[in-house]
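The values are calculated or read from the model by the stated rules, or taken from the named source; none is laboratory data. In this text the structure is predicted, and so the values were computed from the model without any measurement. Note: accessible area is taken over every heavy atom of the protein model, side chains too, but ligands, DNA and RNA are not part of it. Shrake-Rupley method; radii C 1.70, N 1.55, O 1.52, S 1.80 Å.
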Amino acid sequence: MSDFKCIEFYNDKIIFIDQTKLPLEEIYIKTDDYNRIAEAIEKLEIRGAPAIGVVAAYGLALAMKNKSSQKEQEFYNSYERLRSTRPTAVNLFWALDKMKLIFEQNKNSENIYHILLSAAKEVHKDDIEKCEMIAQNGLNIFQKNSNVLTHCNTGQLATGGDGTALNVIKKGFEKGFVKMVYVDETRPLLQGSRLTAFELEKLNIPFKIITDSTAAFLMKNNDVDLVITGADRIAVNGDTANKIGTYNLAVLSNYHRIPFYIAAPTSTIDCDCESGEKIKIEIREKSEILSIKGVKISKEDYEVYSPAFDLTPNELITGIITEKKLHKPPYKLNDKD
Ligand code: MRU
């Protein structure tokens, strides 16, 4: 069992582990300031699509703490500030819009802070339950005791609960379907070698970290039985935005005839996007490529192109696991079933 909590609400403050310091240091950020939460999302101190949605919901509630006047203005300021943090993961907008609706229905209540706080707790609880169901539904993807390859981080650190793709791996391991996990290091911010490795170590699941460019060689040598990743936004037709490098894995899996799965809650499905073309891809700062942990590894004046996510076309995806079921192509997804 793991012994850390990614997100907790206690004594009118939100507490979350600083993911930029992991796995070398386990430091917690404690705040009741929505601006600090927004900054933490921007800096990836907290990251992962569902986790961003959960902390943003708490952020909107906290914006109303101790507010007796100008509530409406402060609410919309905090809503816009949190909305502006990261553009790709739709869970952020899903959670903020849910909270906005509740604010608008109750804005004249004296008790608005507590009303929004229970709504945020509901968003959190809902994600915990969805993670559990995703893991259950994901068990259907294993044909035998498998070597699994995953990308980025999709576990407790990325969600309000026990994770999406990583929770499928965890449940699969408990049932004897997972032999070992190949963990893509996930350049540039190393969510694989830092965060997924940290979680797998805590779960006592055997793993090996590989560089992102190792996957083809492993697949060629029949060392990978299946690939599973998370998602930041899924279009109705199944096109999926996820961490940069996911598309490479999907192409490689297709070439080597290896199943390629996506696991995500329905809050990651964007019903306004018929296909992936409309999904906005976040572009990150060049310093994240030219330095590692503040240490320069290349020249500061070099040009860089750093999209945080890529788009995997639906035809490369063997199945999409949500809390409702394992969807098979052709995809016609919605956020209800
Ligand atoms: O930039 P990040 O670390 O927030 O990107 C995270 C991912 O791409 C995850 O795979 C995705 O959010 C799913 S998390 C359950």
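How much solvent-accessible surface does residue 20 expose, in Å² to the nearest 10, with a 1.4 Å probe and all protein chains in place?
That residue has around 50 Å² of solvent-accessible surface.
Take the range 66-123, compute every pairwise Cα distance, and split them into 5 Å bins from 0; I just need the percent in each bin.
Binned Cα distances yield the sequence 4, 17, 30, 25, 15, 6, 2.
I'd like the Karplus ³J(HN,Hα) series for the range 271-287: coefficients 6.51, -1.76, 1.60, θ = phi - 60°, whole numbers in Hz, and an x wherever there's a Gly or Pro.
Each residue of the range 271-287 in turn: 5, 7, 10, 5, 9, x, 4, 7, 7, 7, 9, 5, 10, 9, 5, 5, 4 Hz.
I need the phi-derived Karplus couplings for the range 172-187: 6.51 cos²θ - 1.76 cosθ + 1.60, θ = phi - 60°, integer Hz, Gly and Pro marked x.
Per residue, the Karplus-derived 3J(HN,Hα) values read x, 5, 4, 8, x, 9, 10, 7, 7, 10, 8, 10, 4, 5, 6, 5 Hz.
Which whole-number value in Å² is the accessible area per residue of the chain, probe 1.4 Å?
Numbers: 14950 Å² over 337 residues.
Roughly 44 Å² per residue, with all protein chains present.
Tell me the Rg and the Dmax, in Å, that the Cα atoms of the chain produce.
Every Cα atom of the chain included, Rg and Dmax give 19.5, 65 Å.
Which percent of the accessible area of the chain is formed by carbon and sulfur heavy atoms (probe 1.4 angstrom)?
With neighbouring chains kept in place, the figure for the chain is 48 percent.
Shape of the range 238-321 from its Cα gyration tensor (a ≥ b ≥ c, root eigenvalues): rounded if a/c is under 1.5, otherwise prolate when a/b > b/c, or oblate?
Verdict is prolate for the range 238-321.
Report, by chain and number, residues whose modeled amide H sits under 5 Å from the one on residue 291, excluding near sequence neighbours (fewer than 5 apart, same chain).
297
Please list, ordered by chain and number, the residues whose modelled amide H lies under 5 Å from the amide H of residue 208; skip anything fewer than 5 residues away on the same chain.
181, 182, 183
Averaged across orientations, what area in nm² does the convex hull of the alpha carbons in the range 277-331 project?
For the range 277-331, averaging the hull's shadow over all directions gives 6.3 nm².
Measure out, as a whole number of angstrom, how far apart the alpha-carbon centroids of the range 81-129 and the range 231-276 sit.
26
Quick one: which residues, 5+ away or cross-chain, put their amide H under 5 Å from the amide H of residue 312? H built at 1.01 Å from N.
240, 241, 242
Return the calculated 222 nm mean residue ellipticity for the chain, to the nearest 500 deg cm²/dmol, obtained by summing -39500 (n - 2.57) across DSSP H runs with n ≥ 4 and dividing by the residue count.
Working: 10 runs with 116 residues, N = 337.
It lands at -10500 deg cm²/dmol.
Which value does Rg/Rh take for the range 137-327 over its C-alpha atoms, Rh per Kirkwood?
Value, to two decimals: 0.96.
More than 26 Å apart: what percent of Cα pairs in the range 7-132 qualify?
On the way: 1164 of 7875 pairs.
So the portion of pairs separated by more than 26 Å is 15 percent.
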